[in-house]
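Structure first, then comments.
Quick note: the coordinates plus some simple rules give every number you see, no bench work behind them. A quick note: this is a predicted structure, and the numbers were derived from the prediction, not measured. In this analysis, Cβ positions are derived from the backbone assuming ideal geometry, glycine residues included, and neighbour counts consider all displayed protein chains.
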Amino acid sequence: MTSADICTAVLIAGTVLFLGMFPLRPQSRLLPGPDPALWRAIVLAGVGIWRPAARLLAQTGQDWDRRAFYVEKLACAGGWLWPLWVRAWERARPGDPDAALVRARAQVSLAWRLRGGGYANQTASWRFRLFHRALFKARQNLFDAALLNPDDPCPYSAEIWPALGLGYNEDMMRELWEEIVKRAPHHFEAHYNALQYWSGKWRGSHEKARVFAEQAADGAPAGTLMAALPLFAWYETYEARGSRRDFRSREARSMVDAALADMEAAAGHPALPYVQHLVAYCLTKQGRHREALRHFRAVDGWVGSVPWRYRGCQRLAYRGVRTAAARGAVIEAVRRWLRRG
């Protein structure tokens, strides 16, 4: 290939990148990353076929991180009609702890759908009445699920969302947290949920969230993704008002690097795509475009994660940052080629 051919190819690629939005494939908001077996179970559950979901949960055994992830996503199957397929499962297998947990988690999700996504001063009183009523029912369902499987930390992890909505005080939260950590001390979903409780937008403060995240990361085994928690806590603090300079600070770069190191040992962890989304976003903000693309490619097609959840249009927000990373990587490649020339 001649130099002219290379220049033409680079020009064409650059034009496509600057005029297009990547990736070209459709984006789903339900999952953070690809999981064909889970996706199939969700689709079938949505039309009333519960057995694939039951098999999937049974296969998780005591992989509590995977169990929590699957339950959270299966709880959304069927939308507002979720009781239909869950009831069919419960009728076929009375006392099944997996069915009880999905029911409880679906009740939690229902409560938050009833509340809506607005700020408290923008939410109607009737919504709050329905919200609290549903949360009380969810809490009872979670208690029932915990009795059926006493070793399972997932009902306690899911209870953190009723804790937010019902206003658990700090002593109540600490009691709940003790139940979680004695069953699964490095449970990612539980730590992420608790981080919301301790954050300034809920029952704590930015400082309490930071301390909680740092304590969780300190000494945690590699591959548990606990090292990513300080980055999540930092993001919750800085995203609304942070500038590019904040993202490129030594502190932010250090947290991203710690998360990257933990991710290298976390292959197969169900929460890895959640971390990849945030890390890829931060890497793009930091101008580390080639590194960002590696993680964007791993989750392309799925946008059910922070930071896109906080955007008005998740899919468009993802495409915008993903395209910026691709553009930056091309520019960097062209500059390197020109320097060699």
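A few remarks follow.
- At an R0 of 35 angstrom, the distance between the Cβ atoms of Arg87 and Ala261 translates into a FRET efficiency of 0.15.
- Label-to-label distance, nm, for residues given as Asp246 and Leu338 (7 Å Cα→Cβ offset): 3.3
- In degrees, nearest ten, helix 206-217 long axis to first principal axis of the chain (Cα): 90
- Partner lysines for Lys137 [C-alpha distance under 29 Å; skip if fewer than 8 residues away on the same chain]: Lys73, Lys182, Lys201
- Fluctuation leader among Val299, Val43, Val279 - the chain, Gaussian network, Cα springs under 10 angstrom: Val43
- Gyration tensor (alpha-carbon) shape descriptor, region 46-177, a/c threshold 1.5: oblate
- Annotation for region 301-341 versus region 82-129: alpha-carbon center distance of 36 Å.
- Read-out semi-axes √(5λ) of the Cα gyration tensor in Å, derived from the coordinates shown; its label in [x] 38, 23, 19; [y] 42, 24, 19; [z] 34, 25, 19: [x]
- Contact order, relative form, for the chain: 21 percent (alpha carbon pairs under 8 Å, 6 or more residues apart, mean separation divided by residue count).
- 0 to 90° range, to nearest 10: angle between helix 3-19 axis and the chain longest Cα axis: 40
- All aspartates and glutamates inside 15 Å of Lys208 as judged from Cα atoms, apart from same-chain residues fewer than 8 positions distant: Glu170, Asp171, Glu236
- Angle in degrees between helix 229-238 and the longest Cα principal axis of the chain, rounded to the nearest 10: 80
- Relative contact order (%) - criterion: Cα under 8 Å, at least six apart; region: region 182-283: 25
- Relative contact order for region 113-202, counting Cα pairs under 8 Å that sit 6 or more residues apart, in percent: 25
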